[in-house]
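Shown next, in structure tokens, is the structure this report addresses.
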Amino acid sequence: MEAISRYLPFWEHLSPQEQELVKRNITTVRYRKGERVHSGDDDCLGMLILKTGRLCTYLLSDEGREITLFRLSAGETCIFSASCVISQITFDVLINAEEDTEALLLSLPAFSQLRRDNIYVENFSLQLAVERFSDVMWAMQQLLFLGVDQRLAIFLLDEAAKTGSPVVKITHEKIAKHTGSAREVVTRMLKRFAEDGLVSLARGTVRLENIAGLKKLLPPV
């Protein structure tokens, strides 16, 4: 219950009956690294609240190309797993577990009832949808207007900031998926970064050697 009240900002605005509805319909779910959490062909799960791990939300083209829209970490809420009850979400996405993940799942019927009956839950879900669409727009902006070197620099700096370490443990293929590039292009660009002294490369890892230099590649704010 402590976790539920901590992760649901609208908890104090629920009636005793609504709080009881949440208690009866929230469960702990676990996903292994690489496991599919949700796809456009699946029935809606409900609202997912991450306790540990990381989820990746992405689009998949007919040719099999993945475009990462955003990634969620512990403490964040996934609204796209309940997209069928939010009319503002009109496209299908896929969600995978990037790491072993544990989350709270509020069932779809309970979430739908709360949104219908409680304005605070409705406001929370719409605000969350807007935030995620902002993430989507940022991803599209990078693909449309930034070069591969800029997208790669942004990704590496973001990953280092999230982990608090200059060592980013990830394969070139996964970097390519997250930056909307081809693996061969990412490999060439990383080699160029290494030649320029910005990073050093080892199997499955990229070490940031010159953060200031990487930041110079970023687009002006």
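Using the Cα gyration tensor of the range 181-221, with a ≥ b ≥ c the square roots of its eigenvalues, what is the shape: rounded (a/c below 1.5), prolate (a/b larger than b/c) or oblate (neither)?
Because a/c hits 1.5 or more and a/b fails to exceed b/c, the range 181-221 counts as oblate.
Once both labels are modelled 7 Å past Cα along the beta-carbon direction, what's the residue 173-residue 191 spacing in nm?
1.9 nm
Enter the angle in degrees (range 0 to 90, nearest 10) between the Cα long axis of helix 16-25 and the first principal axis of the Cα atoms of the chain, meaning the one along which they spread out most.
Computed tilt is about 60 degrees.
Leaving out ligands, DNA and RNA, what percent of the accessible area of the chain is carbon and sulfur, probe 1.4 Å?
That fraction is 50 percent.
Name the lysines eligible as straight-distance cross-link partners of residue 174: C-alpha to C-alpha under 25 Å, and not fewer than 8 places from it in the same chain.
In chain and number order, the partners are 33, 51, 162, 191, 215, 216.
Give me the dipole magnitude in Debye, nearest 20, for the chain about the Cα centre, with unit charges on the beta carbon: positive for Lys and Arg, negative for Asp and Glu.
Charge dipole of the chain: 700 debye, to the nearest 20.
Could you tell me which residue out of 95, 77, 145 lies farthest along the dipole of the chain toward its positive end? Charges go on the beta carbon: Lys and Arg +1, Asp and Glu -1, centred on the Cα centre.
Checking the options against the dipole of the chain, the answer is 145.
What angle do you read, to the nearest 10 degrees and between 0 and 90, between the alpha-carbon axis of helix 119-145 and the longest principal axis of the chain?
For 119-145 against the chain, the angle is about 20 degrees.
So for the chain, what percent of the C-alpha to C-alpha distances run longer than 28 Å?
That fraction is 36 percent.
How tilted is helix 148-163 with respect to the longest principal axis of the chain? Cα atoms for both, answer in degrees (0 to 90, nearest 10).
60 degrees
Over its Cα atoms, what ratio of radius of gyration to 2.2 N^0.38 Å does the range 125-221 give?
1.11
Taking a ≥ b ≥ c as the square roots of the eigenvalues of the Cα gyration tensor of the range 1-78, is the shape rounded (a/c under 1.5), prolate (a/b larger than b/c) or oblate?
prolate
Under the definition of Cα pairs under 8 Å and six or more residues apart, what whole-number percent is the relative contact order of the chain? Please list the in-between numbers first.
Working: 344 pairs, mean separation 43.1, N = 221.
Here the relative contact order equals 19 percent.
Taking 41 Å as R0, compute the FRET efficiency from the Cβ-Cβ separation of residue 158 and residue 17 and round it to 0.05.
0.45
The values are calculated or read from the model by the stated rules, or taken from the named source; none is laboratory data. As the structure is a prediction and not an experimental result, all values here were calculated from the model. Using ideal geometry, Cβ is built from the backbone for each residue, glycine included, and neighbour counts are taken over all protein chains shown. Note: accessible area is taken over every heavy atom of the protein model, side chains too, but ligands, DNA and RNA are not part of it. Shrake-Rupley method; radii C 1.70, N 1.55, O 1.52, S 1.80 Å.
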